[in-house]
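Here the structure comes first, spelled out in structure tokens, and everything after it is commentary.
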């Protein structure tokens, strides 16, 4: 004997019924088939019984029955007269129940049970008639005759001993191939109707499988089995081919909607394998739930439950008081309130538990009555209820043996900024759960999934600024995709913005983004960034600032507080006042976010990383001198070779080595910001005003006017620089634009350097720093390399981006 159950989505219309009949009749094994109500039917029955106006209620009911009659007509069931008579009788019973319900002073739960289960009866009537019309022998069984249950009338639990007696007392025909029964419905010990809980048809099927000692139970639904995450939240979720009873029970309890939480018990008792299959893809293998499984993944799946309230009780009364927990949970049990999760402090001073949000008000009132004396005497603090919470859970047998799963789970949740309010590990050690706010669930869900099931380390890029550097960075991300894939890295461009508008798309790095940005009329704001972040689609969201904007850099602390990592080539923030400098780092620390800015100083050169390594290893830096502008290095190198200063500047501008306005480079302010950042990395608390800055342009040169006017007047300084370089050459030296930090003082300006100076040979767009320290003295530690151009800077930014990726020690799934 085999038991099959078909859900409402499988029976939504006549095509669904035909498909189900085809699945059933393709089998040679004698089978019991239980069915749910057709899609939306149970909701309509609830609305029907709650409608105050009789005419409106009857109209709702008539439409419901008309829909089912239309299914019968479309199926062309032979001899459908008897079936339609069953419909008519059931409709009349429901109208009488409505009248009784609205005239009674007390709600009759048994009457409601008959109303709410009418959809299952309608489905079973249709399927029974359809199979018979196809020429197969079929018997209709009223589940109330076989399943005896007790407990709350609308949320009953099967009494398997009493049900077994009822089953044995049945006279089922031995010559029929298929037995059709409605799900969801049962009888109590007095023979009155009761329900097995909303969506309890799975439970009905499991009970019948237990009673008939079935060799298998198939649950047919609209998905191909149990997935390692909710496909509605994680589109790339993977099907689980095999899972144990214990794991499936944990998943069902913690919100996995594929099977009813109570379904596993009856089949587990007799070792009956349960398979979840897709009625719309019947050839898919599905998920097998059995005593043991072949799937050796440490973590099988994640699941979640929303609309939860967290109730906290604390106070001295709980410490060393025998029976305190019994009073709390006994009180809730008397009010039929189910507890989903419990967490208690080790000091026994407080206990908190999660319940359905709809039960919170009743629970609080009941507990206040139960502990009225203790509350009045201040032995207990006021009972705290926090609504709008969610529970996120990981499930798997590997939690018992594998080390580190709990820490990875909790770290993944908190990495997105979610505040964990309660933690619980099941006594079976098959699950770990955390309670967080509803609005943090989706982001945390994605991060936990990425931690355990996505073998790729991921970063989601929000690129601000798409000029030379920004556009080159996007090109590098696109070009490097195959290599990054081979390394298990996924770098995704999610948003691109210029100074006016932005475009956002999950596939920006695989499409032509420029037309999208040109057509966009949406301006980017902090509110929009926050909204995108709260969508929960991003595992490792990282803002990349490729601008030189004061406005963008002023938002750094806000970006970090939102939950973004931050990578920047913009020097404005790190060279701003010390209060802002500290505030940015405090935000990064507070939210556990990354803040990387290697390109602030040396484009693609690893200057800041190297300095940090020196300091961490115990070295003490005494002074630094450096050529920190690739643009000025290139220009002065040309002048040294005999090219006039004006021509050198023009050539550098044409090749994109300078800013659009070369005065931004020639003023020396860019270099000043860089040396200030370096000094601050060494612990100096200095401001821009503290720098002794000398512009590369002569003091008596008028550099005002438009860019064109400035470029036209540049030849006036050619002779000045030719004279300076001639004199330096006479002294066996040359001229460099040098920034230095020594004895707590900062200097930036044109400097004559001798042939034995470590910066003497630096030219042609190179950057370099010479570091004198305890370990490197009298010969300095020198870092040098190409420091001009968009490709070098973009490469440095890309390197910083990759530093935001989480480290994976081992695969857990």
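Every read-out reported here was derived from the displayed coordinates using simple, explicitly stated rules and does not represent laboratory data. Just so it is clear, the structure is predicted and the values come from calculations on it, not from any experiment. Because the Cβ atoms are built from the backbone with ideal geometry, glycine has one as well, and the counts that use them run over all protein chains shown.
Based on alpha carbons, the Rg and Dmax found for the range 301-452 are 16.3, 49 Å. Look at 190, 786 and count the other Cβ atoms within 10 Å of each Cβ; fewest to most, that gives 190, 786. Using the Cβ-Cβ distance between residue 403 and residue 241 with R0 = 22 Å, the FRET efficiency computed as 1/(1 + (r/R0)^6) comes to roughly 0.25. Counting beta carbons within 10 Å around each of 605, 442 and listing the fewest first gives the order 442, 605. The label point for residue 162 and the one for residue 215, both projected 7 Å from the Cα toward the Cβ, are 3.3 nm apart. The mean sequence distance of close C-alpha pairs (under 8 Å, at least 6 residues apart), as a share of the length of the chain, puts its relative contact order at 8 percent. Helix 41-50 and the longest principal axis of the Cα set of the chain meet at an angle near 70°. Descending by average beta-carbon neighbour count within 10 Å, the peptides 106-114, 706-714 line up as 106-114, 706-714, the highest first. Only helices enter the 222 nm calculation for the chain: every DSSP H run of n ≥ 4 contributes -39,500 (n - 2.57), and dividing by all residues gives -12000 deg cm²/dmol, rounded to 500.
Over all directions, average the projected area of the Cα convex hull of the range 481-548 and note it in nm². For the range 481-548, averaging the hull's shadow over all directions gives 5.4 nm².
With coordinates expressed along the principal axes, the C-alpha atoms belonging to the range 205-340 extend over 60, 38, 27 Å, beginning with the largest. Distance between the C-alpha centers of the range 247-281 and the range 537-590? Whole Å please. Centre-to-centre (Cα) distance: 48 Å. Per-residue extension of 0.36 nm, minus the Cα-Cα distance of residue 700 and residue 729, leaves a gain of 8.0 nm for this segment.
Derived from the Cα gyration tensor, the three semi-axes of the equivalent ellipsoid of the range 2-222 are 26, 23, 14 Å, largest first. Distance from the Cα centroid of the range 222-236 to that of the range 391-405 is 19 Å (rounded to whole angstrom). From least to most packed, judged by other beta carbons within 10 angstrom and beginning with the fewest, 1, 578, 562, 249 follow the order 578, 1, 562, 249. Sorted on the mean count of surrounding Cβ atoms within 10 Å across their residues, most packed first, peptides 208-218, 171-181, 668-678 read 668-678, 208-218, 171-181.
What angle do you read, to the nearest 10 degrees and between 0 and 90, between the alpha-carbon axis of helix 441-452 and the longest principal axis of the chain? On a 0 to 90 degree scale, this one is about 80.
Approximating the spin labels as points 7 Å out from Cα along Cα→Cβ, the residue 338-to-residue 586 distance works out to 4.7 nm. Restricting attention to the range 676-764, close to 75% of DSSP beta bridges with both partner residues there are antiparallel.
For log10 I(q)/I(0) by the Debye sum over Cα atoms at q = 0.07, 0.10 Å⁻¹, the candidate list reads (1) -0.77, -1.15; (2) -0.71, -1.07; (3) -0.65, -1.01; the entry that matches the value derived from this model is (2).
When peptides 27-38, 397-408 are ranked by their average number of other Cβ atoms within 10 Å per residue, the highest-first order is 27-38, 397-408. The value of relative contact order for the range 457-603, using C-alpha pairs under 8 Å at least six residues apart, is 22 percent.
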